Every structure is written in C-alpha cells, then in structure tokens.
Amino acid sequence: MEVDLSPKLCKKVYGGDGGSYYAWSPAELAMLKEGNIGAAKLALEKNGFALPRYSDSAKVAYVLQGNGVAGIVLPEKEEKVVALKKGDAIALPFGVVTWWYNKEDTELVVLFMGDTSTAHKTGEFTDFFLTGSNGIFTGFSSEFVSRAWNVDDKNVKTLVGNQSAKGIVKLDGSFKMPEPKKENREGFVYNCEEAPLDVDIKDGGKVVVLNTKNLPLVAEVGLGADLVRLDGNAMCSPGFSCDSALQVTYIVSGSGRVQVVGVDGRRVLETTVKAGHLFIVPRFFVVSKICDPDGMSWFSIITTPNPIFTHLAGRTSVWKALSPQVLEASFKVSPDVEQLFRSKRMNEEIFFPPPK
C-alpha cells in the first residue's frame, strides 16, 4: 500500500468571534479517502453557538476541552439538551440534528471522527445547516418558505435574513439557552475519563473502551472507540485489528514515537506524534507506540462497534498460543532462544513499563 500515513494537523475551514471549525483534508491525509473516514474539530469561545445542523455521516464526538451544552435531535424524536464536559464521548447516528453552545470562559473543543461511506465527498463531512447564511431557508424562494411554514412575506424575510453568520455565532451574554437535564445524558453520553477502566497497568497505561455495552447508540453509528493513557516512557504492545477495521487515532496530549509495519514486513511509518496529530492505521497493519517522559494519551475510533485486536506481545499475545515447535521452526532458532523469547513478556498486559 503506497499511501502516505504521516500524521497531520487540522486546518481552519470557517469561523468568527464565536469560534471556529477545523477539518482534516483527504488531499493532505490520503488515508481519509482510502478508508472512508472523516475527521473535524469544533472550537467554541465563550457564548459561542454552533448553529443547528445535520451531517451526511455518522460520527463519534469527543470533548477534548472545556464544558458546554449540546442539543441532540434523533429522527422523529424530541430534543435532548445535555451538559458536556471534558472526556465525554457522544455517538451521533446518521441524520441526527445537533447544536453546540459554550457559556464558560474556557474554550470548548469537540473532536468528530466518523464514517463517510454515505457522504457526498469521500473522506469529508458535509454539514447541512438549518439556519444562518448558508441554511436551508436561504435556498428556497419566499413563496415556498411562506407556504411551507404558513408565515407572511415580512416574517419570511426576517427568518431568512436576520442570521447572517455562517455555522458559528457569538450570542449576547444575557441570552438564555435551554438548560440541560441530567437524565438526558443517559444513553447519549459516556465519560471516558470517569468510566471504569478496561485495562489498568501499573506504570504502563490505562484504557477505556467505548462499545455497544456502555453506549448502545454506537451500534447505529457503526464505530467503536477507546481512550488510551500511556504513562511516561511506557510502550503499547504491537498489535493489529483482526476484524478488518481501520483505526483512526487523535493524539489528545503528550508526545511519543509510532511505528507501523505493513505488507511484506515493511515499516511504512516511523515518526514522532504530538497533541493535535491525527493518523490512520490501515486494516491488518501492525502498530506500536512508545511515549515520551511526560506520557501520552490518544482517542481512537475503530470502524466496527465492537472491535477485536490481536497483540503480538504480552499475556494475550498470539505467540503464547502457538506451540514451541512452531516457533522454533518459524524463527529457525534453538529451544533455548524460543524459551527466552516466550518467557520475557508472556505474563504482561498490552502496556509495558519503561525498562528499569
């Protein structure tokens, strides 16, 4: 596979006083198009309001920073107004209408990653706005708007012309937005920073997995996700997805080194990653990471709601399942070397603490 796997930063698409919308372009990150994946980021300043919109793609949203409020409307359902905080993951099925609001001093930053197999452009999200300078009202003639919503021409002009901004606006500080209800988070939001850990290795790392058990809506999205926090100088075991899933990774904090090995045992990526980088590991390719002294965390989506991974080192390693004779013949080594290889990491989990 001759595709550039180098990690990339996002670029601003639009924005103003209320905040900005950023996206990763398939022209710069070719694996987005190859894998039918889209990725974008919304950053809202204080009183920033991201106007109601729906998308041509199912997504998982992840709150990278700040606190805020979101409105979520599933097809033919009532609006759910939910409070958001850092670490929240939200499953957004195809056709859902959302809006986003930040009333705090700290910037609210939300990451979106999802499947573009239904999208107008492969590897990109296209949002359809209900209001604003590029909202659906602007495309219809006054006659159609008047008859559809049974309002006179004067009010048609008000509806179509008053909100002149595109996508994101800044509201007056005195404007009262709907208040979220605690019960609305149930079934819509799962906080990965507060959830029970699926993996917890001393001096190694921690993992929280997002799947159909803890957030059933991911079944409709068709994506699983995880939040991984690697301790300083620790290593993540080489592994690959064994159910033909792509892994899309956003570096949330810290930095480290990544190696990816593909067809014919060829190393196709060796690079340093840092906060803000996005990179994609193709199906069946093997990836491993070693973080820098300050540690590293990343949020990944996997293009199946309940992913299965095979690791090549550690307690769950495929090597552990193979018989000694097979390993001796495969590596063409003596029983002593095979035993040394087998014994070193076989009782450890998928994260390895730094050498002592």
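Considering only residues in segment 1-35 that are closer than 26 Å to Gly48 by Cβ and open to solvent by 60 Å² or more (accessible area, probe 1.4 Å), the one that is modelled with the lowest pLDDT turns out to be Asp17. Within the option set Thr138, Thr122, being surrounded by 13 or more Cβ atoms within 10 Å (Cβ to Cβ), farther than 30 Å from Val252 by Cβ and out of contact with any Cys (no Cβ under 9 Å at 6 or more places or on another chain) holds for one residue only, Thr138. Scanning segment 57-80 for residues that are buried (at least 19 other Cβ atoms within 10 Å of the Cβ) and either over 20 Å from Pro93 (Cβ atoms) or of a type outside the set (Gly, Ala, Ser) (or both) yields Lys59, Val60, Tyr62, Val63, Leu64, Gly66, Gly68, Val69, Ile72, Lys80.
Considering only residues of segment 223-258 that are assigned to a loop (DSSP other than H, G, I, E, B) and in contact with a Ser or Thr (Cβ under 7 Å, 6 or more places away or on another chain), which is nearest to Ala91 (Cα to Cα)? The residue in question is Leu223.
Return a yes/no flag: does segment 184-192 have any residue that is part of a helix (DSSP H, G or I) and either open to solvent by 70 Å² or more (accessible area, probe 1.4 Å) or touching a residue at least 12 places away in the same chain (Cβ under 8 Å) (or both).
There is at least one residue in segment 184-192 that is part of a helix (DSSP H, G or I) and either open to solvent by 70 Å² or more (accessible area, probe 1.4 Å) or touching a residue at least 12 places away in the same chain (Cβ under 8 Å) (or both).
The residues in segment 85-117 that are under 16 Å from the mean Cα position of the chain (by Cα), assigned to a strand (DSSP E or B) and of a type outside the set (Lys, Arg) can be counted, and the count is 13. Taking the criterion of being in a loop (DSSP other than H, G, I, E, B), at pLDDT 65 or above and either open to solvent by 80 Å² or more (accessible area, probe 1.4 Å) or on the phi > 0 side of the Ramachandran plot (or both), the residues of segment 309-356 that qualify are Lys332, Pro355, Lys356. Scanning segment 34-72 for residues that are under 27 Å from Val3 (Cα atoms) and of a type in the set (Val, Ile, Thr) gives Ile37, Val60.
The values are calculated or read from the model by the stated rules, or taken from the named source; none is laboratory data. Since we're looking at a predicted model, the values are computed, not measured. As a convention, Cβ positions derive from the backbone with ideal geometry for all residues, glycine included, and neighbour counts pool all protein chains shown. Calculation scope for accessible area: heavy atoms of the full protein, side chains included, ligands and nucleic acids excluded. Shrake-Rupley method; radii C 1.70, N 1.55, O 1.52, S 1.80 Å.
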